[in-house]
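The values are calculated or read from the model by the stated rules, or taken from the named source; none is laboratory data. Because the structure is predicted, anything quoted here is derived from the model rather than measured. Positions of Cβ are backbone-derived with ideal geometry, glycine not excepted, and every protein chain shown enters the neighbour counts. Surface areas here come from the heavy atoms of the whole protein model, side chains and all, with no ligands, DNA or RNA. Shrake-Rupley method; radii C 1.70, N 1.55, O 1.52, S 1.80 Å.
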Amino acid sequence: MATYQSNGANGINGVNGVHGVSKDFPPPRFSGVPQNLSVTLNEPGEEAYDIEIPLDMEIPDDPTEICTLLDKERSSKSEWMTVAIAYAKYNKVEVAIEVMAKAMANFASSRSEDRLSILNAQCWLYLLKCREAPRIRPDGSSDDVRTKDYYLQAATGVLNEASRINPSYPPLYLARGILYLLRASLLPPPTTAGSSQVSAERMEVLKQASKCFDDALRASGQKNLMARLGKARVAYSMARYQEALKQYQAVLENSPSLIDPDPRIGIGCCFWQLGHKEEAAGAWERSLQLNSSSKVALLLLGLYKLYRAGQFPPMDPKFIQHTKEALNLYINPAMQLDKMYPLTCATLGSWFVLRKQGDVVETLSRRAINLTDVNDIASDGWYHLARKEHQANNTAKALDYYTKADRARGGDERGYVPAKFGLAQIRVLMHDYDGAKFRLEKILQQQPTVEAQILLGSLYAEDVFAAQASNSKDDKSNELKKALKYLEDVTKAWRDPKKKLSPDRSVLLILARLYETEHPEKSLKCLEEVERLELEAIPEEDYPQGIEDEAQRKAELREMIPPQLLNNMGCFHYQSERYVQARELFQHALNACVKAAARDNTLDTDALVTSISYNLGRTYESEGMINEAKDVYNNLLKRHADYIHARVRLAFLTLQQYPTNEGPKAVYKLYQDHKDDLEVRSLYGWYLNKSKKRVENIAEDQEQRHHKHTLQGNNGANKHDQYALTGLGNIHLTAAREMRGPSEQEKDKRRKAYEKSAEFFDKVLQVDGRNAYAAQGIAIALIEDKKDLQTGLQILNKVKETLKDYSVFMNLGHTYCELKQYSRAIENYEAALSRAKPNDVTLLACLGRVWLLRGKTERSLTAMKTSLDYSQRALEVHPDQVHFQFNVAFVQMQIAQLVITLKDSERTLAEVDQAIEGLEAAITSFSAIAKSPQPPFPGHDIEQRASMGRNTMRKQLDRARESQHKYEQANASKLEQARLLREAEQRRQEEEKRAAEEREAERRRKILEEQQRLREKDQEIMAMRMEEERRRQELIDDSNLAKAERKRKGGKRKKKDDDESESEAGGSDSEGGRERSRRRRTTASASVGLTDGDEEKPKSKKRKLERRKKEPVGKYKSSEMVVDSDEELADEPATEDNAPTRATESDDEVVAAPRVRKAARVVDDDEDEDDVGGGAVAQSTEVMDEDEDE
């Protein structure tokens, strides 16, 4: 029993965490419970005997008999606690609590220590039961079901009773700390926004728990591991993950074999919260290695694998791999170990939601909600229930469960984002779109999630689409901006490689619809992205076989994707005038319809084929393929004889091909057959506009009467027909433009005509605010009537963005011309000419006019000639038109007049001659035009202009020619001289350049030669150095040979300690020996003299140097250093192993020749006395004795 108490209950007597514990420390839980309990019976008059009480699986469910026996025999406290723990071991905690209650009654009058031990054990049993009890009473359960709160209150009562006996009893500290931890876990999370993750109430309870654990540690001398784990758990609950990590690691360091509870689980959780997912998984894997039956480690590793799976798209093979590993290797084994574990139930619940197994989801979610003491797990349980009801369309229950899931994590300002998103989805199903938007916007304020952005952007987009479908006049620009903002943010998230998100086709299609009006190119890009996704989704087994060309393969694959997509892409290409691409897409769309119908017989593609065929026919028209277009329309009429749009296009094509005979008949017949069809009436009105005769009275205009009847037809239902209203506006605008009377009455009539046209255009804009033709009419009326050029220009620029018709650019050219911005006017006229039919005479005339005005403003003869060129091109198209003849003549005269006014230096003789020719042609033309039946101006005015050319300008040009001729003759010599000077200057510059190049080449050549000379010199210096080194090495070799020879002859010097035996021969003592040694170490440059008073100089033996035959000269490498003095040779021992190391000169300096060395002086024994007073041998190599060799 003591073992059990030290491990699980008290955690003080054995769980020390000291070093040197056994391998089984701490012992397994319930390991101290024996299989049997022996109780001695003492019957009166009988011998005592023992009874074995089974404490294994056969322990009786009713403890009454056992308790009676223990009470009768006055069993000890340990025996009572052993029985209670045996019941707890086999999950009979209620029976164990009952046993402890009877034990407390039995020991009511016993020692305080016994009662405190029983109360402590009873408290731990209540806490154990609290972990297994439900949070709330399940629906439909009886009143006997007790919740966690009940057991917490019971444990509190037991602790209070124990505290009254002895409040400083150490085991109570740990129990009270755990009690506070459990109580804190049941408190609700914070509901207000902020950085704090723990509510104030919960923080206060956790602080109390921390204080209790501190008391337990203090009582145990900082050795209670359970208290230290409690401290770590408190820090984790306070969201102080770094602190908790350190405490868990300290526990693990002190007790590496601790696996129940396992600090590695806490270490992994801290790593996870700190963002170190891999380290967390490593800690859990280590925990699983030490305890293969750890359900917590298995489950956490399963969650890690699911996290890894979430990093990949659902269709990625790695997603499937990680998901299978999570379920098969970790989550399912954890479920087999404990089917009631809340976290396991919550995790598997999400899987069965995807499998749509509602019954299993209900069971698992209820377990997670009822049994957990963690709010987040309860929130997950409610969320799974909500998703189950959401799938079953039980909106009321789903709404309730989503709300509970959100509140379990904090509610409105905090809460659970998936639950909030589910609430928004339910609001959408309940058609509460405003409520859904409100919740989604709050979600995005809390956490920007892609799902919320998609749903919110889609809701705003639906508002825009609904307004467009109902022709609502409400301003939806704000909704459009929001929809684009949210959905564009989603596309940006797709491009972020860290998020690993896959594009969503529905989002791209919504964006394409939103971009359609204002940004058609962006819309097309969205559709092309959808096409790419569709092509990637085609399985490889469906790929066409035997096609190697990439373009052909793509064309074949295109016919496997939805034809609606191809049709829409073709429409955008058609609007952008890319007719070839549009035609290819329409053809692929038709083939896709055929293949789709072949794959699915129930699919009705007739309407789609009809629309795509019509679009293909329009594309043929734009490409000029009239016969192919007519074939398409005829085939449509064979299938649908009442398809009026095809009939309209056929009549129009016939009118284009045969404008005088069959065309008008076809249009009139179509009009007679379908008078009530607005499309037909629009075509007929257009035909009347092109073919009618000009009349002065608007009421007699056939087109005006036709449009008026159109608006009055169908009992007034057609009164908002836009084409008829626009046509009437154009009629009044044209009539107002032709009213040129100078009287006030005519001006007033003209002003009213403009106002009438503006009224029609304004009515069109009320029906359709984006009608570009009506907006252009308003702009023209403002410019011509009000002279409001700036406002009209702004309108036309906006119209240009929508309407790509040549008329818009022509009107812009007119406006810029009025503003005297001739360059921009020319740009717009040329843009209009590129879009209109070739050689449009009106645009050519406008270009001639604007170039003429520019030439007169800038006094540019080139601009005048350009004007003449455009006027002549217009005349070539219609040579019989008098006003074009007048334009050419007028420009020719203007050129002549400009040439007259130019200075001699600003013109040439050839230009004067051309002006004379043009003037003569203009005079002839003006004379002919003045005599024509319908001249553009009064004939006498034109004749006067011709007379001015004959009488005045002709003479002026003659004088100008004479002046120009004299000027050019006078300046010819100057020009020739200037030319010669310029040529001479050019030659001089060329000569200077050539000379400079030659000098530069010579300089480079000299540099190369100098570099070559320096390289050769360096080579010579290196050769000299090598030779010097060789000679020096020979001297070193000679010295080595001499030493070897001396050793061979056995000549040895007497040692210093033999001076007594050598006094006769050498007359030297130890001092003399030192002196001799000192003299031998003196360099050649130093002379050491001895006076008469000095001691007698010792005799030296005769030594000779011989070259060893076995070491010939030249066998040694040269040394790196060159020594050029005898002094340096004397300073260093001349041995092979100790070569000189000082450098002499740099590589660029010349090496000095080596000095001639004197022969080494050899001193004989007989000459010792003659050398008294002499110095050491000068300028000789040092002769080493044996002592120095050593």
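Points to keep in mind about this one:
- Helices (runs of 4 or more DSSP H) contained entirely in the range 815-923, each with at least 3 residues that are under 25 Å from L782 (Cβ atoms) and modelled with pLDDT of 90 or more: 822-835, 841-858
- Residue match in the range 503-525 (condition: closer than 30 Å to G310 by Cα, outside the structural domain of Y486 (by the TED database) and in contact (Cβ under 8 Å) with a residue 24 or more places away in the chain): no
- With respect to the conditions (1) more than 21 Å from K675 (Cα to Cα); (2) surrounded by fewer than 15 Cβ atoms within 10 Å (Cβ to Cβ), I698 lacks only one, and its number is (2).
- Residue that is nearest to V767 (Cα to Cα) [pool: residues in the range 685-731 that are in contact (Cβ under 8 Å) with a residue 40 or more places away in the chain, not in a helix (DSSP H, G or I) and not polar (S, T, N, Q)]: H720
- Residue check for S109: closer than 17 Å to Q208 by Cα and surrounded by fewer than 23 Cβ atoms within 10 Å (Cβ to Cβ): no
- Annotation note: of R1004, R950, the sole residue that is among the charged types (D, E, K, R), touching a helix residue (DSSP H, G or I) at 6+ places or on another chain (Cβ under 6 Å) and part of a helix (DSSP H, G or I) is R950.
- Meets criteria (in contact (Cβ under 8 Å) with a residue 12 or more places away in the chain, of a type outside the set (K, R), farther than 16 Å from G848 by Cβ and in a helix (DSSP H, G or I)) for Q944: no
- Residue in the range 1000-1012 that is at pLDDT 90 or above, under 27 Å from T862 (Cβ atoms) and among the charged types (D, E, K, R) present: no
- Failed condition for S293, given (1) touching a Pro at 6+ places or on another chain (Cβ under 8 Å); (2) of a type in the set (S, T, N, Q); (3) assigned to a loop (DSSP other than H, G, I, E, B): (1)
- Looking across the range 480-515, the residues that are open to solvent by 90 Å² or more (accessible area, probe 1.4 Å) and closer than 23 Å to D768 by Cα come down to K481, R513.
- Residue in the range 671-681 that is at pLDDT below 95, out of contact with any helix residue (DSSP H, G or I) (no Cβ under 9 Å at 6 or more places or on another chain) and open to solvent by 30 Å² or more (accessible area, probe 1.4 Å) present: yes
- Against the list (1) open to solvent by less than 20 Å² (accessible area, probe 1.4 Å); (2) free of Cβ contacts under 8 Å to residues at least 60 places away in the same chain; (3) within 23 Å of A219 (Cβ to Cβ), the condition Y169 fails is (1).
- A607 vs. criteria at pLDDT below 95 and assigned to a helix (DSSP H, G or I): yes
- In the range 112-136, residue surrounded by the most Cβ atoms within 10 Å (Cβ to Cβ) [restricted to those that are under 12 Å from N166 (Cβ atoms) and hydroxyl-bearing (S, T, Y)]: S117
- Qualifying position, being in the same structural domain as K522 (by the TED database), closer than 23 Å to R427 by Cβ and within 23 Å of the chain's Cα centre (by Cα), among L480, L455, L459: L455
- Residue check, S682 in a helix (DSSP H, G or I), touching a Leu at 6+ places or on another chain (Cβ under 6 Å) and polar (S, T, N, Q): no
- Filtered residue count, the range 342-378, keeping only those that are within 25 Å of N328 (Cβ to Cβ), in a helix (DSSP H, G or I) and of a type in the set (S, T, N, Q): 5
- For V353, the stated conditions do not hold, so it cannot be described as more than 22 Å from G410 (Cβ to Cβ), β-branched (V, I, T) and free of Cβ contacts under 8 Å to residues at least 24 places away in the same chain.
- Residue within the range 124-132 that is without any contact (Cβ under 8 Å) to a residue 24 or more places away in the chain, in a helix (DSSP H, G or I), touching a helix residue (DSSP H, G or I) at 6+ places or on another chain (Cβ under 9 Å) and under 20 Å from A88 (Cα atoms) present: no
- The residues of the range 242-268 that are hydroxyl-bearing (S, T, Y) and within 19 Å of I178 (Cα to Cα) amount to a single one, Y248.
- Count of residues meeting criterion [within 21 Å of Q885 (Cα to Cα) and either open to solvent by 10 Å² or more (accessible area, probe 1.4 Å) or under 52 Å from the mean Cα position of the chain (by Cα) (or both)] in the range 834-849: 10
- Residue match in the range 479-501 (condition: over 27 Å from E516 (Cα atoms), charged (D, E, K, R) and in contact (Cβ under 8 Å) with a residue 60 or more places away in the chain): yes
Table: residues versus (1) surrounded by 16 or more Cβ atoms within 10 Å (Cβ to Cβ); (2) closer than 18 Å to L501 by Cβ.
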{"residue": "Y304", "(1), (2)": "yes, no"}
{"residue": "G310", "(1), (2)": "no, yes"}
{"residue": "P317", "(1), (2)": "no, yes"}
{"residue": "K324", "(1), (2)": "no, no"}
{"residue": "M335", "(1), (2)": "yes, no"}
{"residue": "P342", "(1), (2)": "yes, no"}
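- Looking across the range 222-237, just one residue is buried (at least 20 other Cβ atoms within 10 Å of the Cβ) and outside any helix (DSSP H, G or I), and that is N224.
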